[in-house]
Amino acid sequence: MSRRDGTLGDIPTAEDAPVFAEPWQAQAFALTLALHERGLFSWSEWADALSAEVKSPGAAADGSDYYQRWLAALERLLASKDVAARPEVDAVAAAWERAAHATPHGQPIVLENDPHFSGVR
């Protein structure tokens, strides 16, 4: 079998494995699509941002950090559009981490579980 005849041979496909390794990867993907659909950025802007992250120093040569780079590109693009500055993103990320640590095992993680949650975000 070869790619030329339209088959993939032994190459894993989405039918063989999950498309996303972690739920957060699917969420980052969906968020990017939703923000594009709302007109926040064009596909060429997105492609440029993602390409810059994937090519940046320290990026894994094997692509194992692809979705970390995806998320970094999204964060950088949001900051460049004055939608969410780095300090805001870091503060919300820290709140979610505190909420995760405060959530009993097996329960859904909600931001209200952050011990510092003030009800305003």
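Every read-out reported here was derived from the displayed coordinates using simple, explicitly stated rules and does not represent laboratory data. A quick note: this is a predicted structure, and the numbers were derived from the prediction, not measured. FYI the Cβ positions are ideal-geometry reconstructions off the backbone, even for glycines, and counts take in every protein chain you see.
Rg then Dmax, both in Å and based on the Cα atoms of region 46-112: 14.8, 41.
Among the trypsin sites (Lys or Arg not before Pro) in region 23-107, those located in a DSSP loop and surrounded by at most 15 other Cβ atoms within 10 Å of their own Cβ are Arg38, Lys55, Lys81. Legend: ranking of residues His105, His36, His116 from fewest to most surrounding C-beta atoms inside 10 Å; resulting order His105, His116, His36. Extending 7 Å from the Cα toward the beta-carbon at both His105 and Ser44 defines two label points whose distance is 5.3 nm.
Using the 10 angstrom Cβ neighbour count as an exposure proxy, how do Trp70, Trp96, Trp43 rank, fewest first? It would help to have the intermediate numbers written out before the result.
On the way: Trp70 19, Trp96 15, Trp43 8.
With the sparsest Cβ surroundings first, the list reads Trp43, Trp96, Trp70.
Applying the Karplus relation 6.51 cos²θ - 1.76 cosθ + 1.60 with θ = phi - 60° to region 61-68 yields 3J(HN,Hα) values of 4, 8, x, 5, 9, 3, 6, 5 Hz, where x marks Gly and Pro.
Considering every pair of different Cα atoms, what Kirkwood radius, in Å, is found for region 19-84? All intermediate terms of the calculation are to be shown ahead of the outcome.
Values: mean 1/r = 0.0820 Å⁻¹.
It works out to 12.2 Å.
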